[in-house]
1. Considering only residues that are part of a loop (DSSP other than H, G, I, E, B), within 16 Å of the ligand (Cβ to nearest atom) and either touching a helix residue (DSSP H, G or I) at 6+ places or on another chain (Cβ under 7 Å) or without any contact (Cβ under 8 Å) to a residue 40 or more places away in the chain (or both), which ones fall in region 285-300?
2. Identify all residues within region 140-179 that are under 22 Å from Ile105 (Cα atoms) and not in a loop (DSSP other than H, G, I, E, B); write none if there are none.
3. Can you confirm whether region 280-297 contains a residue that is buried (at least 22 other Cβ atoms within 10 Å of the Cβ) and not hydrophobic (A, V, I, L, M, F, W, C)?
4. Tell me yes or no: at least one residue of region 365-385 is in a loop (DSSP other than H, G, I, E, B), within 15 Å of the ligand (Cβ to nearest atom), at pLDDT 95 or above and buried (at least 21 other Cβ atoms within 10 Å of the Cβ).
5. Just to be sure before I move on: is Leu262 crowded, with 24+ Cβ neighbours inside 10 Å, part of a helix (DSSP H, G or I) and of a type in the set (A, V, I, L, M) in the structure I sent?
6. Exactly one condition in (1) away from the ligand (no atom under 12 Å from the Cβ); (2) closer than 27 Å to Leu10 by Cα is not met by Leu261; state its number.
7. If you scan region 393-450, which residues turn out to be of a type outside the set (Ser, Thr, Tyr), assigned to a helix (DSSP H, G or I) and in contact with a Pro (Cβ under 8 Å, 6 or more places away or on another chain)?
8. Determine, yes or no, whether Glu494 is without any contact (Cβ under 8 Å) to a residue 24 or more places away in the chain and not in a strand (DSSP E or B).
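The values are calculated or read from the model by the stated rules, or taken from the named source; none is laboratory data. On a predicted model such as this, the values are computed, not experimentally measured, just so you know. In this analysis, Cβ positions are derived from the backbone assuming ideal geometry, glycine residues included, and neighbour counts consider all displayed protein chains.
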Amino acid sequence: MLGLMQDRPLALPHVFHRAEQYFGHKRLITATATGETTTTLAEWAVRVRRLATVLDTLGVSADGRVGTFCWNTARHLELYVAAPCTGRVLHTLNIRLFPEQLVYIAGHAEDEVVFVDRSLIPLLEPLADKLATVRHYIVIDDGADVPIPEGWLDYEELLAAADPFDGTFVIEDENTAAAMCYTSGTTGNPKGVVYSHRSTVLHSLISLVADGAALSERDVVLPVVPMFHANAWGLPYGCLLAGTDIVFPGPNMTPQGIVGLLERHRVTVTGGVPTIWMGMLPLLREHDLSALRVVLCGGSAVPRSLSEAYREAIGIPMLHAWGMTETSPIATMSTPRSHHDALTEDERADIRARQGQAVPLVDIRLVDPDSGETQPWDDVATGEIQAAGPWIAKEYYRGEGGGAQFTEDGWLRTGDVGTGDRYGFVRLVDRTKDLIKSGGEWIGSVELENEIMAHPKVAEAAVIAIPSEKWVERPLACVVVKPGETVTGEEIIEFLTPRVAKWWLPDAVEFIDEVPKTSVGKFSKKTLREKFGGYQVAGPTSHEPA
Ligand code: AMP
């Protein structure tokens, strides 16, 4: 027997029409090089309707890819909605990628048009003659004093000349592609992840659940996470569904710029990678951030010490989330639950440092990479984290990667290794390819990094494997010391000794000026491995693996 409920598509037009109808009075604020601009959602909605017509006028095909090369701005949000609501596919290009990668990605996705912020023209223009599929470049003037190449079109002129689409947007098949993002891909070519309307709508709801960011109409949200990084973790669509005010940081992504916006607009919810919050740490006490209630953090492990430093300075720890481009990206979140109430604050900090429990509708399992056995949730056994759910990728665009990252029974192999307690609170130990195999035993580099970063004089630490004749691999700690502090390698080892197994202690500590980062702000261990590839440890290691 079938259910007798309406079979209405889960699609982004609902998100747009809901925002337009109910939240026209809400504000969109964008920081630009020449000051802040404020529009209402009602004004924004008219612009979305004009943009829908512009896409037709430009001749973008019915499911054409609409590239964006933009900062986080209210105008970028226009594209976020107009492209998918007219059946096109939004393709957010990562402005920090290397030129060759951008050329590859835009060509692979067959972008037909690219909308570019004026300040970013110098990054895009040199590639233009290599982007064979792109027929039009449309410049969004963000006030930057940069010449506009001949033949490139002006966004405002096109909008002004267009009649607003005056009907209701309709997407009949909820499985229609809405947006695509390429994985940051540390090896091989980046692979395209294609989000559907259905996956995007369902995932957006996660930012509204109470054990997550719990977005409500009362919130003022500042997404620091770039809109080219996995759809800014679903925040933009979540904000439209909930009817929040949104503050966009534009090109000024400095800690000073962000903290000023948080204070001035009494932002309640923000989200970004640990690096940005680390940079803001010294500024916290100089600003009134009393309106903040959620600092969403993920993309890399959130150091316990960072989260605690926020709790001490502004009264709220970080809301730790884990996921990847392939998981839309939110898959787990770590808010302490009722069974954690009896714990001490210190113990709760340990819970918050975990990646957390799978969010509703996502299934997670831990699988031993050697035996293929599913591991128990006993907080001891580790395994590769595999994920399944309505917003988890089932394959890459054009079948790239040949399915190696998907299991026969349809789960995504995330390449992350972790353990989890009986409540499913995951603790991520490492990436499979970053694990250090010493004397046949795994050492989790992420865990080790977290312990090193707990040292009061350490700003950042990354741990990589170095070759060892005796143990095959051993850990090398690359440490960045806080400004004005000094610390020795011996002090680091002494600090770690009571905290980790003896055989986990790094064989050497190297001091570096900063940990190299990828285009989305994660530690680039590949760069560190290249740098320290031939590292020789002076003398035999004294740390016997178990
Ligand atoms: P990306 O697809 O570029 O967002 O990268 C996804 C990868 O980032 C994941 O597979 C993890 O290795 C890492 N990652 C994301 N969130 C976290 C987190 N909270 N803790 C540790 N690693 C994370």
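1. Listed by number, the list holds a single entry, Ser300.
2. Ile140, Ala177, Ala178, Ala179
3. Within region 280-297 (the criterion being buried (at least 22 other Cβ atoms within 10 Å of the Cβ) and not hydrophobic (A, V, I, L, M, F, W, C)), the answer is no, since none of the residues qualifies.
4. no
5. Answer is yes for this residue.
6. (2)
7. Hits for region 393-450 are Leu448, Glu449, Asn450.
8. yes
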